[in-house]
Amino acid sequence: MNRSVSVIGSPTRSHDDPEIRERTRLRSVAESLLAGGQAPPTRGWELGTDALAMLYRLASDQKSSDDALAVLHEIQVYQVELDLQLQQLETNEDELTKELQRYRDRYEQAPVGYLLLSNDGRVIEANQAAMQLFASAVGNSELGEEELRIDRLLKPGDRPVLITLLNELRGDQPIASCEVDAIDAPLGAPALRITARLEPGSDNVWMVVS
């Protein structure tokens with residue numbers, strides 16, 4: 001009985017694949033730049049001695065000189081592709097750095113106070129508005145900023161209110177709010193409104209104070 005053997009190759013990737021399209025686009029750009037003499041300066045890519053020796057052998061033989069030119073062209077195209085990819089990575093990194101700085105500036109200069117607390121009430125981060133709201137309490141504290149606790153920034157009578165808020169967050173309530181007085185608030189000053197939620201992926205607490 002004859003047995004037939006079928007060979008299953010790896011599935012071919014469609015030209016609609018984003019990675020294939022990007023590689024095709026990159027190669028087209030690289031070849032256009034080379035053809036127009038506008039290839040970017042290389043970033044230190046150099047041919048190794050083995051590659052140079054192979055090209056020399058191919059170019060020395062009339063039968064394989066065309067192959068040498070083809071190989072050299074492929075190497076040049078690949079070098080330009082690498083340079084273009086590096087340029088894009090540098091551009092992306094620069095844009096991400098600027099975007100991160102924009103968000104940092106918005107956080108620091110926001111007109112309301114932002115605080116990040118540990119699960120035991122220690123202040124991990126605070127923007128400028130938050131530090132101004134509790135300026136006197138922070139300035140009079142004998143503790144370093146890293147050891148500040150949110151309950152020490154409130155009047156003693158309001159500390160149970162804060163504890164209730166934190167307990168609500170540890171339960172099923174995604175967002176909780178309350179009104180409290182800063183420890184240095186003058187008589188008749190409006191109460192501070194705190195809105196808080198747990199930080200995603202941790203038990204830290206984000207607070208907005210206004």
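Only one of the numbered conditions (1) modelled with pLDDT under 90; (2) outside any helix (DSSP H, G or I) is violated by LEU86, and that is (2). Restricting attention to segment 165-209, and to residues there that are surrounded by 12 or more Cβ atoms within 10 Å (Cβ to Cβ) and among the hydroxyl-bearing types (Ser, Thr, Tyr), which single residue is nearest to LEU117 (Cα to Cα)? Looking at residues that are surrounded by 12 or more Cβ atoms within 10 Å (Cβ to Cβ) and among the hydroxyl-bearing types (Ser, Thr, Tyr), I get THR195.
Residues considered: GLU142, GLU125, GLU93. Of these, the only one that is modelled with pLDDT of 90 or more and exposed (fewer than 12 other Cβ atoms within 10 Å of the Cβ) is GLU93.
The values are calculated or read from the model by the stated rules, or taken from the named source; none is laboratory data. These figures come from a predicted structure and were not determined experimentally. All Cβ positions, glycine included, derive from the backbone under ideal geometry; neighbour counts span all protein chains shown.
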